[in-house]
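Accompanying notes for the structure given below.
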Amino acid sequence: MDISQKPLPRMTPDTEPFWQGCRRYELLLAECNACTKVHLPPGPVCPFCFSDDLGWRQASGRGSVSAWTVVHKEWFAAFKDDLPYNAAQIELEEGPRLAANLIGVDNDKITVGMAVEVTFDDVTDDVTLPRFRPLS
């Protein structure tokens with residue numbers, strides 16, 4: 001099946017560009033064309049100036065951990081084999097926070113402020129998710 005034909009998770013017109021970007025291994029963020037601020041969630045209006053003139057731009061994918069926790073129960077079926085796994089808030093260089101999973105680091109070694117960068121994992125045949133790993 002062509003990747004562009006695969007179903008997307010929770011797709012709405014506001015989130016479709018984000019998920020399509022993940023399939024191309026790109027991190028896309030909503031950007032207001034009126035006030036130029038980058039934000040999540042993506043829309044339908046800018047949370048800063050309430051403009052509906054929004055676009056999308058590629059983000060660096062770098063940032064730092066602002067908060068995290070270890071998850072001991074299955075909230076997302078794609079992670080069931082990874083229990084317990086971590087869920088982190090990543091403060092991106094561009095400003096917004098993105099909830100994601102940290103990989104390549106033991107849960108007891110995660111620290112607030114840890115520098116991380118995005119990577120993409122095909123967690124099912126239909127879903128590619130942004131995850132983060134520590135910067136070396």
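No lab work stands behind these numbers, since they all come straight from the coordinates. What you are looking at is a predicted structure, and each value in this text was computed from that prediction instead of being measured. All Cβ positions, glycine included, derive from the backbone under ideal geometry; neighbour counts span all protein chains shown.
The H on the amide N of residue 119, modeled in the peptide plane, is under 5 Å from the matching H of 131, 132, 133, each at least 5 residues off or on a different chain.
Alpha-carbon geometry of segment 65-136: the Rg and the Dmax are 11.9, 33 Å, given in that order.
Within the chain, count lysine pairs with alpha carbon atoms under 29 angstrom apart where the residues are 8 or more positions apart or belong to different chains. Before the final figure, lay out the partial values.
Values: 6/73; 6/80; 73/109; 80/109.
The number of close lysine pairs in the chain is 4.
Taken over segment 8-59, the percentage of Cα pairs per 10 Å bin, counting from 0 up to the bin with the maximum distance, is 30, 53, 17, 0. Placing pseudo-labels 7 Å out from each Cα toward the beta carbon at residue 34 and residue 58 gives an inter-label distance of 2.9 nm.
Let me spell out the model: positive unit charges on the Cβ of Lys and Arg, negative unit charges on the Cβ of Asp and Glu, origin at the Cα centre of the chain. What dipole size does that give, in debye rounded to 20?
So the magnitude is around 200 debye.
Calculated mean residue ellipticity at 222 nm for the chain: -1500 deg cm²/dmol, from DSSP H runs with n ≥ 4 weighted as -39500 (n - 2.57), summed, divided by the residue count and rounded to 500.
Over the C-alpha trace of the chain, radius of gyration and Dmax come out as 15.4, 44 angstrom.
Summarising the label geometry, the points placed 7 Å from Cα in the beta-carbon direction at residue 97 and residue 111 lie 2.0 nm from one another. Phi angles of segment 73-90 translate, via the Karplus equation with coefficients 6.51, -1.76, 1.60 and θ = phi - 60°, into HN-Hα couplings of 10, 6, 9, 10, 4, 5, 9, 4, 7, 9, 4, x, 10, 10, 10, 10, 9, 9 Hz per residue; Gly and Pro are given as x.
Measuring from each cysteine beta-carbon in the chain, the ones with no other cysteine beta-carbon under 4.7 angstrom are 22. Each Cα pair under 8 Å and six or more residues apart adds its separation to the average, and for segment 60-136 the resulting relative contact order is 31 percent. Take the Cα of residue 121, go 7 Å toward its beta carbon, and the backbone nitrogen atoms of segment 78-97 under 19 Å from that spot belong to 78-91.
Under the rule of at least 5 residues apart or a separate chain, name every residue whose amide H is placed under 5 Å from the amide H of residue 86. HN-HN under 5 Å from residue 86: 71, 102. Structural descriptor for the chain: relative contact order 21 percent, calculated from alpha carbon pairs under 8 angstrom and at least 6 residues apart.
Multiplying the residue separation of residue 24 and residue 73 by 0.36 nm and removing their Cα-Cα distance gives an extension gain of 14.7 nm.
Charging the Cβ of each Asp and Glu at -1 and of each Lys and Arg at +1, and nothing else, the dipole of segment 60-136 about its Cα centre rounds to 280 debye.
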